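What follows is a set of notes on a single structure, which appears directly below.
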Amino acid sequence: MFSRQLLNSSRLINRSVSTQAIRCSFRSFSMIRNGGLTNNKLASEVQNRSPLYLNHGISTRRFLSTEMQQSIGEAVKSAPVVLFMKGTPEAPACGFSRATIQLLGSIGVNPDKFAAYNVLEDNELRQGIKEFSDWPTIPQLYVNGEFVGGCDIVTSMAQSGELLEMLEKDGLLVYEEEEADIETPTSSDVKPAKR
Amino acid sequence: MVSAEELKDIIIEKLKAQEAQVHDISGGCGQSFSVLIVSDVFVKKNKLARHRIVNTELKDIISSIHAFTQKTYTVEEWAKEHSN
């Protein structure tokens, strides 16, 4: 009844367009469902990633015995920040999904800790995620495997600062300034002046 | 298909809303609503819990339309919002 589906180590991550860092973090749900790559075109874009999230392939949680629920359970935990959306981060197919992905991008979610799944790619996922979360609308945001909410909630949490606080607390943000010149004192600077 | 007026009545009845505002944001097709609900059923509930209450009470309607966006206030929060 339960088919064992381990997540493959390689991730379907589309890195082709990446001005906004978060945009590179689209993953294909079919990979989780099928336990492997099914789309050659996408496969060619796959980059291997360090296997940070590998060992949750078999969950001890019990879902309603469908394969789908198991797959969604894996998807939810496939990264610390997971967004189920219509369309992809590069091309959101709905205003609410667009607003949510833009918020996550502008707040600075670390793309290495983010995954987005396009529910339009898979109608079973589209229906399944609603049941899984007991939530009637898309997008849906998960942080550390916990359901956070939809667009309205994410928006209001962003306005109140709660979203930033939550993501910051768990170290899920990336700071653009990090790559800028950081003036580190050279050894000569810290030596006492010679006399 | 539900109209904005009907939806408003349903919200007032099912969620014991003191104030309900329903806006049709579909641009004509009647499948997309933005609602604001003021009710004390939200007292001491966080945002997620509030939205779940609304989603549950309006389940049939939400599943039949395309988009639904909500704002929820308790009577006290709403009063505060207005005094600002």
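Of the residues B:ILE11, B:ILE53, only one is surrounded by fewer than 19 Cβ atoms within 10 Å (Cβ to Cβ) and not charged (D, E, K, R); which?
Result of the check over B:ILE11, B:ILE53: B:ILE53.
Within region A:118-142, track down each residue that is of a type outside the set (S, T, N, Q), open to solvent by 10 Å² or more (accessible area, probe 1.4 Å) and more than 10 Å from chain B (Cβ to nearest Cβ).
Of everything in region A:118-142, those that are of a type outside the set (S, T, N, Q), open to solvent by 10 Å² or more (accessible area, probe 1.4 Å) and more than 10 Å from chain B (Cβ to nearest Cβ) turn out to be A:LEU120, A:GLU121, A:ASP122, A:GLU124, A:ARG126, A:GLY128, A:GLU131, A:PHE132.
Can you name every residue in region A:85-117 that is away from every other protein chain (no Cβ under 14 Å), open to solvent by 50 Å² or more (accessible area, probe 1.4 Å) and of a type in the set (Gly, Ala, Ser)?
A:ALA91, A:SER106
Restricting attention to region B:14-50, report how many residues are open to solvent by less than 30 Å² (accessible area, probe 1.4 Å) and under 20 Å from B:HIS82 (Cα atoms).
The total comes to 9.
So, in region A:143-176, of the ones that are within 13 Å of chain B (Cβ to nearest Cβ) and open to solvent by 60 Å² or more (accessible area, probe 1.4 Å), which residue ends up nearest to B:SER32 (Cα to Cα)?
A:GLN159
The values are calculated or read from the model by the stated rules, or taken from the named source; none is laboratory data. All figures in this text were calculated on a predicted structure; none of them were measured in a lab. So basically every Cβ, Gly included, is an ideal-geometry build from the backbone, and we count neighbours across all protein chains shown. Heavy atoms of the whole protein, side chains included, go into the accessibility calculation; ligands, DNA and RNA do not. Shrake-Rupley method; radii C 1.70, N 1.55, O 1.52, S 1.80 Å.
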